[in-house]
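Below: one structure, written as structure tokens.
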Amino acid sequence: IYQPCVCLILQGKKEALLQDNELEFGAGESLIVSHTLPIRSRITQASAEEPYLAVVFSIDIGMLRSLQNEITLASKEAGLTSGLQVENAEEDFIFAIERYLNLCKNKMELELLGPLLKKQIHFLLFTKCLRHNL
């Protein structure tokens, strides 16, 4: 059972299956799961020399709703049309995830900046959905 999350693939490939919807994705792509779903998945490309590497970032639905209320350009229909979506990971999203992970090195930075970066990541996801009408 997958909870709402974004799975950013750094290396290798994976496939996810939700009923009849089969998605394959690899390095530079993200799997976006917008609802709690029973997903079957497997790694399809990995080796000892190049192992499968991914970052999974939990989506806070409450934060997304709050952002929708804050962004006046958002339409009522905005959001994912499918509970499971594969998208190319944009450079600003990858950079935000990298900065968020780097906060783990310093507890004070994590406590002070972590919530801000988490909100930025949610903002990037939300505006991507608006731009691409996902």
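Quick notes on this one:
- Some residue of segment 104-114 being at pLDDT 90 or above, surrounded by fewer than 16 Cβ atoms within 10 Å (Cβ to Cβ) and in contact with a Cys (Cβ under 8 Å, 6 or more places away or on another chain): yes
- Being modelled with pLDDT of 85 or more, surrounded by fewer than 16 Cβ atoms within 10 Å (Cβ to Cβ) and under 12 Å from Val6 (Cβ atoms) holds for only one residue in Ser58, Ser34, Ser66, Ser41, and it is Ser58.
- Of the criteria (1) out of contact with any Ser or Thr (no Cβ under 7 Å at 6 or more places or on another chain); (2) open to solvent by less than 30 Å² (accessible area, probe 1.4 Å); (3) at pLDDT below 95, which one Val6 fails: (1)
- Yes/no for Asn133 being closer than 25 Å to Asp20 by Cα and modelled with pLDDT under 95: yes
Every residue, every condition in (1) touching a residue at least 12 places away in the same chain (Cβ under 8 Å); (2) at negative phi; (3) within 16 Å of the chain's Cα centre (by Cα), yes or no:
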| residue | (1), (2), (3) |
| --- | --- |
| Leu10 | yes, yes, yes |
| Leu17 | yes, yes, no |
| Ser30 | yes, yes, yes |
| Thr36 | yes, yes, yes |
| Glu49 | no, yes, no |
| Ala54 | yes, yes, yes |
| Gly62 | no, yes, yes |
| Glu70 | no, yes, no |
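The values are calculated or read from the model by the stated rules, or taken from the named source; none is laboratory data. Predicted, not measured: the structure shown is a model, and the values here were computed from it. Cβ: placed from backbone, ideal geometry, glycine included. Neighbour counts: every protein chain shown. Each accessible area value is taken on the protein alone, full model and side chains, heavy atoms only, with ligands, DNA and RNA left out. Shrake-Rupley method; radii C 1.70, N 1.55, O 1.52, S 1.80 Å.
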